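Quick notes on the structure that follows.
The values are calculated or read from the model by the stated rules, or taken from the named source; none is laboratory data. Everything numeric here is computed off the predicted structure, so don't read it as measured data. Reconstructed Cβ throughout: ideal geometry from the backbone, glycine too, with neighbour counts over all protein chains shown. With ligands, DNA and RNA removed, areas are computed over all heavy atoms of the protein, side chains included. Shrake-Rupley method; radii C 1.70, N 1.55, O 1.52, S 1.80 Å.
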Amino acid sequence: MRVLALGGIRSGKSQWAEAVIALAASAAPIRYVATGAVSDDPDWAARVASHRQRRDDRWSTVESTDVATLLRTDPDVPTLVDDVGGWLVAAMDRRSAWTGGVVTPDVDDLADAVEAFRGPLALVSPEVGLTVVPATESGRRFADALGTLNQRLAATCDRVVLVIAGQPLTVKEQSPT
């Protein structure tokens with residue numbers, strides 16, 4: 001089972017994905033891959049603490065943007081990746097994509113790793129297109145790259161859900177074969 005949870009900021013997508021992966025994992029340990037950069041910002045620290053407080057002792061947190069390698073290393077461990085937007089920022093930094101570099105190789109690598117993953121997997125990503133077009137070139141580059149990445153991941157995932165105000169709206173559901 002591979003699930004992509006999309007939504008806006010504070011839409012409830014992370015909490016929804018946590019519940020889904022916890023249910024799919026049953027009593028097994030769960031890996032939480034946090035892609036956000038560590039920060040001294042007190043508001044950011046409070047957000048991270050809020051996320052951690054929701055999870056029980058089965059969860060282990062790995063802070064990394066090397067998501068594809070983690071997925072390939074342990075392809076059966078129930079995993080939640082939160083969030084794909086943070087991963088994309090790191091990829092854009094590495095590839096100088098803010099000023100014209102391309103992240104296509106990174107997107108291909110991540111999509112391939114997601115497709116090959118065998119255990120329960122939930123990916124959390126911000127959805128683009130729910131607001132105005134960014135006023136800056138770098139903002140538009142990010143929105144375009146995130147839209148492309150979300151489409152690639154949605155094609156690979158068995159289920160895609162848009163979370164709005166904490167309520168999941170199923171966008172794609174594949175029946176088990």
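Numbers below:
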item: One residue from Asp158, Asp108 being open to solvent by 20 Å² or more (accessible area, probe 1.4 Å), within 13 Å of Arg2 (Cα to Cα) and either of a type outside the set (Ser, Thr, Tyr) or modelled with pLDDT under 95 (or both); result: Asp158
item: Residue count, segment 51-90 (criterion: at pLDDT 95 or above, among the hydrophobic types (A, V, I, L, M, F, W, C) and farther than 23 Å from Thr148 by Cα); result: 1
item: Options Ser50, Ser64: the member that is without any contact (Cβ under 8 Å) to a residue 40 or more places away in the chain and either within 24 Å of Asp112 (Cα to Cα) or in contact with a Ser or Thr (Cβ under 8 Å, 6 or more places away or on another chain) (or both); result: Ser64
item: Pairs, first more than 15 Å from Asp83 (Cβ to Cβ) and touching a residue at least 60 places away in the same chain (Cβ under 8 Å) in segment 128-156, second open to solvent by 20 Å² or more (accessible area, probe 1.4 Å) and assigned to a helix (DSSP H, G or I), C-beta under 8 Å, six or more apart; result: Thr156/Glu115
item: Hits in segment 111-144 (condition: among the β-branched types (Val, Ile, Thr) and either outside any loop (DSSP other than H, G, I, E, B) or buried (at least 20 other Cβ atoms within 10 Å of the Cβ) (or both)); result: Val114, Val124, Val128
item: Top-ranked residue in segment 91-103 [being open to solvent by less than 80 Å² (accessible area, probe 1.4 Å) and either modelled with pLDDT under 95 or among the β-branched types (Val, Ile, Thr) (or both); ranked as nearest to Leu6 (Cα to Cα)]; result: Val103
item: Residue satisfying all of: in segment 21-47; more than 14 Å from the chain's Cα centre (by Cα) and in contact (Cβ under 8 Å) with a residue 60 or more places away in the chain; surrounded by the most Cβ atoms within 10 Å (Cβ to Cβ) among these; result: Ala25
